[in-house]
Amino acid sequence: MEGVMVTEPDRSAGLSADTFEAFYRREYPKMVAVAAAVSGNRAIAEDLAQDAMVRAHRHWGRISGYERPGAWVRRVTINLSLSASKRVAAELKRLLRLAEPGTLPPPEAPDDSVWSAVAQLPGKQRAAVALHYLEDRSIDEIATILEISPATARVHLHRGRQALATTLGEASHE
Amino acid sequence: MSDRRIRTAFEHLQDDVATNVPTAGRLARILKESRRLPRASLAFLGGAAVVLVAGAIVFLLRPGGQSVPPVAETASTSSTASTSTTSASTTTEVGATSLPDLLPGMVLVANPSLDSDVVTSGPATVGVAADRAVSDGKGGFFVQRGNTVSWVHANASAESLLSLEDLGAIDPTGLRLEGATRNTFGTTNSLVLIIAGGEGEQRYEEVWFYDVDARSSRKGVYHTGAYEGSISRASVERGVLVVTRRAEGFTWFEFYTAAGRPLDVKNPKSMDETLPVYVDQGVLSPDGTTLVFLESNFAASVDGGWPMDLVVWNLADGTKTRRVSFDLGDWTVDHMDYDGLNFVVGRQRWRTDGLEDGAPLLGTLDEDVQGPTELDLSGWPSLVRDDGK
């Protein structure tokens with residue numbers, strides 16, 4: 001039988017001694033990069049990362065006690081970035097639909113073909129690829145951050161890299 | 001080769017961020033906001049929210065010896081508590097502070113992480129620094145913190161009511177405040193509690209009542225033993241007890257009198273039904289005639305989303321009278337409350353480090369179904385009710 005009592009998570013181990021300020025200075029630039037890679041939109045990445053940090057600050061009393069507060073803020077950043085990318089895509093589609101024919105240029109592909117290929121990946125694959133290339137995260141760490149099993153994380157990363165290689169017209173080098 | 005190209009692109013992104021992203025300004029903005037307001041986290045609780053602080057309640061809401069959030073730089077005046085002790089309870093008068101008006105239809109949101117004991121967010125939400133909080137129908141509320149329950153009266157005086165150890169349960173391990181009922185056992189106020197106890201094969205959960213007027217508890221009227229699953233919700237109104245049960249993937253409702261005898265009513269999902277339908281959070285209307293619950297068909301889940309129907313069930317004739325659909329995404333339902341018109345759904349989701357509380361959803365079941373809309377505060381929600389309902 002599962003216990004249903006209201007209990008606090010066990011925070012006795014690995015308490016973080018970070019102040020929020022130190023945490024922010026260390027993690028915010030990294031979150032901007034993660035947000036840019038996952039949302040595919042550098043212009044909104046700083047706001048997305050800031051939003052994640054505001055949420056971290058709001059719950060800092062709780063999050064600072066977590067064993068890995070960095071994992072929490074990465075997860076929030078990725079969630080916000082995936083939502084934002086969907087929202088931006090929908091908005092663009094709406095603008096194109098509303099516009100008079102010929103008045104709005106078609107969306108331009110990113111200059112860099114790599115970012116164009118990354119943008120085409122499904123969300124979880126995009127997140128796994130970003131954590132792998134940006135932060136050199138291991139499979140276990142990616143699994144922890146995305147709250148999936150290591151096996152699933154491995155599949156997401158493998159498929160993401162394979163898709164990138166295919167899109168870029170070259171064989172994957174695992 | 002492609003791997004090198006990809007790495008190079010990501011390295012360029014990192015260089016761009018390292019060169020062009022200012023950190024200090026944005027950090028200063030967060031810190032400045034928190035210093036400007038009376039209590040650190042209130043800046044994020046809901047825009048232009050009015051903030052009230054019932055400072056001295058801290059003596060009862062926060063158990064002694066446990067960590068207390070830092071006091072804000074401009075904290076409100078803290079009164080000296082005058083304490084009188086009776087055999088049953090302790091009363092602490094709270095000086096010049098006061099509670100916000102708790103009007104029917106408003107929502108109490110309990111969140112132990114709040115830096116202030118009581119805050120208001122917008123016109124209809126009151127946050128309470130506790131694990132759970134339910135209205136007393138008289139302008140105050142009952143709060144659970146850890147395994148203790150206190151009563152914060154409308155005049156902001158606070159009184160400790162019970163602790164788990166005092167109830168007389170066998171080998172108790174935890175309690176859960178489910179709600180307050182005002183028409184059971186002839187009392188003005190009874191608290192509905194779920195008590196867990198035992199270990200291994202001795203584990204159990206029971207529904208208990210605490211008579212607020214008499215300051216006495218009634219032994220469990222409903223009991224589940226080890227391997228019999230758990231109680232996900234207990235609701236009591238007008239002498240009717242509905243227990244929502246969960247065991248090995250199955251969920252169902254059981255109906256009893258408040259004294260614990262089985263009640264013969266048309267059940268929207270009983271234990272012997274094996275439909276692939278998940279039900280949860282059976283809540284009675286204040287008049288005891290209607291059951292509101294959540295229903296979801298697992299097969300309907302798309303892309304990890306969780307379509308959920310709120311069903312209104314007429315207990316008299318066993319018919320579904322209303323159905324409202326919404327999508328919970330990756331959230332699960334923590335708690336639902338219903339006051340006969342409004343409903344509020346609390347949400348949680350599992351994270352590696354534990355449960356994350358979400359912002360509750362508030363809706364109205366009038367002729368034009370409203371919402372549900374997301375509240376500004378995250379936490380465990382309950383609706384404020386009228387006295388006597």
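Near the amide H of B:Leu328, within less than 5 Å, lie the amide hydrogens of B:Trp306, B:Met308, all on another chain or at least 5 residues away, with H placed in the peptide plane.
Working note: Karplus 6.51/-1.76/1.60 with θ = phi - 60° gives region A:149-160 the couplings 6, x, 5, 5, 4, 4, 5, 4, 5, 4, 5, x Hz, where Gly and Pro are set to x. If the limit is 24 Å between Cα atoms, which of B:Lys269/B:Lys320; A:Lys86/A:Lys124; A:Lys30/A:Lys86; B:Lys219/B:Lys266 go over it? Among B:Lys269/B:Lys320; A:Lys86/A:Lys124; A:Lys30/A:Lys86; B:Lys219/B:Lys266, the Cα-Cα distance tops 24 Å for B:Lys219/B:Lys266.
For the chain pair B and A, the interface hides roughly 4700 square angstrom of accessible area in total, found with a 1.4 Å probe. Amide H contacts of B:Glu178 (H built 1.01 Å from N, in plane; Pro and chain starts excluded): B:Val192, B:Leu193, B:Ile194 sit under 5 Å, all sequence-distant by 5 or more or on other chains.
Applying the Karplus relation 6.51 cos²θ - 1.76 cosθ + 1.60 with θ = phi - 60° to region B:119-126 yields 3J(HN,Hα) values of 9, 10, 9, x, x, 10, 10, 10 Hz, where x marks Gly and Pro. The phi-based Karplus calculation (6.51 cos²θ - 1.76 cosθ + 1.60; θ = phi - 60°) puts the 3J(HN,Hα) values of region B:255-268 at 10, 9, 6, 5, 7, x, 8, x, 10, 8, 10, 6, 9, x Hz, whole numbers, x for Gly and Pro.
The values are calculated or read from the model by the stated rules, or taken from the named source; none is laboratory data. As the structure is a computational prediction, the values presented were derived from the model and not from experiment. Areas reflect the complete protein model, heavy atoms only, side chains present, ligands, DNA and RNA absent. Shrake-Rupley method; radii C 1.70, N 1.55, O 1.52, S 1.80 Å.
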